[in-house]
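The block underneath contains the structure these notes are about, expressed in structure tokens.
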Amino acid sequence: MHIEAQERDDVLLRRSAKGDEEAFTQLYRRNQAQIYRFALRMTGQPWAAEEIVQDVFMTLVREPKKYDPTRGPLGAFLYGVARNRVMKHLERQPREFSLELKDSEGETRMLEVVDDRTPAQWAELRERREQVRSAVLSLPPEFRETVVLCELEEMSYEEAARALECPVGTVRSRLHRGRALLLAKLEMLRESPRRANAGR
Amino acid sequence: MNCEEFANLALEAIVYGVGPNFDAASEHLRTCPHCASLYESWQGLNGGLRELGQATAGASAPSRVEMRLRQEFRTIHKTDKNRERAILAAWLLAAATFVLVAGAMFFWRQQHGLDTAKGTVAPNSTVPTVANGPELGGTMIAESDGEQFALIPGAIPALQDETSVVRVQMQRGSLGALGLTVNEEHANDLVQVDLLVGADGQPQGYRLPESNN
């Protein structure tokens, strides 16, 4: 069965609920990346993000009627389900996170960007990125998700508010507080090596 | 603008280069080294966040997730289809059973109704009269007036159009043979009785005309 690229998510979902696998695949491909990125940035663990994506779309397969098109776009609904899964995952996790991304086989996985930086610049960039990643992951979940959606996913306040099911003002204040916390965390992370070096 | 206002209101505006506080914040930034340092930190954070965002911008779930989901989708919907088929089959079976039972009942009732019709004469049926009375004593030809006949014990009812009604005079005591209770004091009285006589000449039913009462 041919599916138009611009076909609406709710139409695809209706067809998927009737057993149209192609419609489901289209729906999955259209939405999986944003859910995966959100889960990855929230948990810092690719295997957890993978599990969360699977859980979210299984909800769509098993209980398609949970989504009400009158309440908003499917993307926001999927974010809502993903958020619940992420929160459950975080509740089970210890408070400390690894600074490095590990894939499902336990191998360290770094996302490389090809450019003409020197090795020293690369090392500095990697260190900075790791510091930011670590600082983001150490934020309390409600601030973290706001930072992830607004700063990393580059959503507008309105989109983030829809995804987080809260008022725009709450998003704005959480983001402000989240940034302040991030700054403090980054300062701490930068200070600790200096202190360690000074102590030697 | 003081440092607190700068940190709370204007920092975001100046970092993103937007908002009504931008000019005032820029002015404060030039004169306050503490806020300039804060501003640098914010810029550093923004840069770091942007880099982190870019580094993970292309991330997407591995293809095995899609494979697993599609497999699960097929399993679930295959089970659903099987369940639907089973439900349909059950309904068809129930419908077939119902039709069978209804058909059997219809034929049984038809058969039973036919037997009943044989045993009784319809109240308004026109029974043909006969010109010659039977050999049961004084005879008189009578027309059916719609009253039902009581079946004589042991008689086999014939088809309606093969019967005729004959009015006879008989002793009241003889009614005992038809299964009626007879007052012995009047056993010798003569009474008129309508007999339903079959084609074989055998009486099948009787009734007492109102003139006897």
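The values are calculated or read from the model by the stated rules, or taken from the named source; none is laboratory data. As the structure is a prediction and not an experimental result, all values here were calculated from the model. Note: ideal-geometry Cβ built from the backbone for every residue, glycine included; neighbour counts use all protein chains shown.
When you scan region A:30-53, do you find a residue that is more than 14 Å from the chain's Cα centre (by Cα), within 14 Å of another protein chain (Cβ to nearest Cβ) and buried (at least 20 other Cβ atoms within 10 Å of the Cβ), even just one?
no
When you check A:Glu130 against the structure, is it farther than 19 Å from A:Val81 by Cα, within 12 Å of the chain's Cα centre (by Cα), within 12 Å of chain B (Cβ to nearest Cβ) and of a type outside the set (Val, Ile, Thr), yes or no?
When the stated conditions are applied, A:Glu130 does not pass them.
Identify, from the list B:Arg68, B:Arg83, the residue that is modelled with pLDDT under 90, part of a helix (DSSP H, G or I) and charged (D, E, K, R).
After ruling out the rest, the residue left standing is B:Arg83.
Can you tell me which residue within region A:87-126, out of those that are at the interface with chain B (Cβ under 10 Å from one of its Cβ atoms) and modelled with pLDDT of 70 or more, is nearest to A:Glu51 (Cα to Cα)?
By that ranking, first place goes to A:Arg126.
Being modelled with pLDDT under 80 and within 13 Å of another protein chain (Cβ to nearest Cβ) is the requirement here; does B:Gly19 meet it?
Yes: the conditions hold for B:Gly19.
Every residue, every condition in (1) more than 10 Å from every other protein chain (Cβ to nearest Cβ); (2) buried (at least 18 other Cβ atoms within 10 Å of the Cβ), yes or no:
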| position | (1), (2) |
| --- | --- |
| A:Pro141 | yes, no |
| A:Cys166 | yes, no |
| A:His176 | no, no |
| A:Leu182 | no, yes |
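Where the second residue is of a type outside the set (A, V, I, L, M) and at pLDDT below 80 and the first is within 14 Å of B:Arg207 (Cα to Cα) and in a loop (DSSP other than H, G, I, E, B) and lies in region B:174-192, which pairs have Cβ atoms under 9 Å and are six or more apart or on separate chains?
Once the first residue is within 14 Å of B:Arg207 (Cα to Cα) and in a loop (DSSP other than H, G, I, E, B) and sits in region B:174-192, its partners that are of a type outside the set (A, V, I, L, M) and at pLDDT below 80 give B:Gly179/B:Pro153.
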